[in-house]
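Just so it is clear, none of the values below were taken in a lab; they were calculated from the coordinates. Everything numeric here is computed off the predicted structure, so don't read it as measured data. Positions of Cβ are backbone-derived with ideal geometry, glycine not excepted, and every protein chain shown enters the neighbour counts.
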Amino acid sequence: MERKIITTKDGSHTISIPEMNVTYHSVHGAIQESMHVFIQAGLRDSGVFDFVGVNHVLEIGFGTGLNALLTLIEADKQKNRIYYTGIELYPLNEAEINGLNYCEQLNQPHYKRLFKKMHQVEWEEMFEITDNFRLTKTKCSLLDFSTENSFFLIYFDAFDPTTQPELWTKEVFEKLYSIMAPGGILVTYCSKSDVRRAMQAAGFTIEKIPGPHGKREMVRATR
């Protein structure tokens with residue numbers, strides 16, 4: 001399946017799959033979307049950095065590694081350790097990784113080496129990327145994912161329900177609910193009514209909040 005690097009409206013790159021008519025991030029801006037949905041509404045607003053101990057974050061759809069990179073930068077700023085697990089069934093290849101411009105767009109060129117390291121480390125093992133960030137990448141589908149961890153924060157960044165309907169069901173959200181810590185939150189860009197109903201049926205408390213540029217609403221769900 002062909003994948004292309006394209007430039008979004010904020011100057012940052014994303015991946016397009018023409019055959020499926022999907023992109024990994026919003027064409028209105030990859031970085032601005034990730035910052036709004038996952039970092040501001042998720043990482044910062046969750047209170048995760050107020051907790052002294054092991055902070056586990058799970059990302060559904062590791063993809064380009066943008067959300068992981070932004071979380072790494074934030075963890076370094078806060079000097080608070082994050083244990084980050086990313087699920088991805090179809091990893092990017094080396095040429096695609098080298099073609100992404102996130103560190104340049106963020107004016108963080110010194111993170112370029114660490115960004116590449118996150119992509120290069122082996123799957124199914126935990127690696128120390130910095131003193132404040134531990135990464136475990138799991139090459140599997142969410143449907144096959146299993147863990148002994150309890151996550152305080154989940155980034156739900158799968159393709160939209162039209163493209164991957166099997167990942168937006170009550171059963172999937174029940175699975176995620178079961179591996180979350182009490183008071184933990186899940187954030188996602190999608191706010192479709194059937195998705196919210198599936199989350200509520202799984203036990204989540206749903207909050208609709210303003211979405212990123214180009215999208216009116218997003219969802220924050222709390223266990």
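Determine the principal axes of the Cα atoms in the chain, then give the extent along each, sorted from largest to smallest and rounded to whole angstroms.
Principal-axis extents of the chain (Cα, largest first): 42, 42, 31 Å.
Enumerate the calculated ³J(HN,Hα) couplings along region 204-209 in order (Karplus 6.51 cos²θ - 1.76 cosθ + 1.60, θ = phi - 60°), each rounded to whole Hz, writing x wherever the residue is Gly or Pro.
6, 9, 9, 10, 8, 10
Looking at the chain, identify the longest residue range that excludes and avoids all GluC sites (Glu not before Pro) in DSSP loops having at most 16 other Cβ atoms within 10 Å.
Working: sites that count: 2, 19, 122, 124, 125, 148.
So the longest stretch without any such site is 20-121.
Of 4/116; 4/215; 77/175; 77/215; 170/208; 139/215, which sit over 21 Å apart, Cα to Cα? It would help to have the intermediate numbers written out before the result.
Details: 4/116 19 Å; 4/215 23 Å; 77/175 32 Å; 77/215 28 Å; 170/208 18 Å; 139/215 30 Å.
Result: 4/215; 77/175; 77/215; 139/215 exceed 21 Å.
When only DSSP loop residues count, what trypsin sites (Lys or Arg not before Pro) in region 139-187 have their Cβ near at most 16 other Cβ atoms within 10 Å?
Numbers: sites: 139, 170, 175; in loops: 139.
Here the trypsin sites (Lys or Arg not before Pro) that fit, given the DSSP loop and packing criteria, are 139.
Mind checking which of 147, 163, 188 has the largest fluctuation in a GNM of the chain, springs on alpha carbons under 10 Å?
For the chain, modelled as a Gaussian network with Cα springs under 10 Å, the answer is 147.
Check cross-link reach from residue 137 to the aspartates and glutamates: straight Cα distance under 14 Å, and skip same-chain residues fewer than eight apart.
The qualifying aspartates and glutamates are 59, 88, 122, 124, 125, 128.
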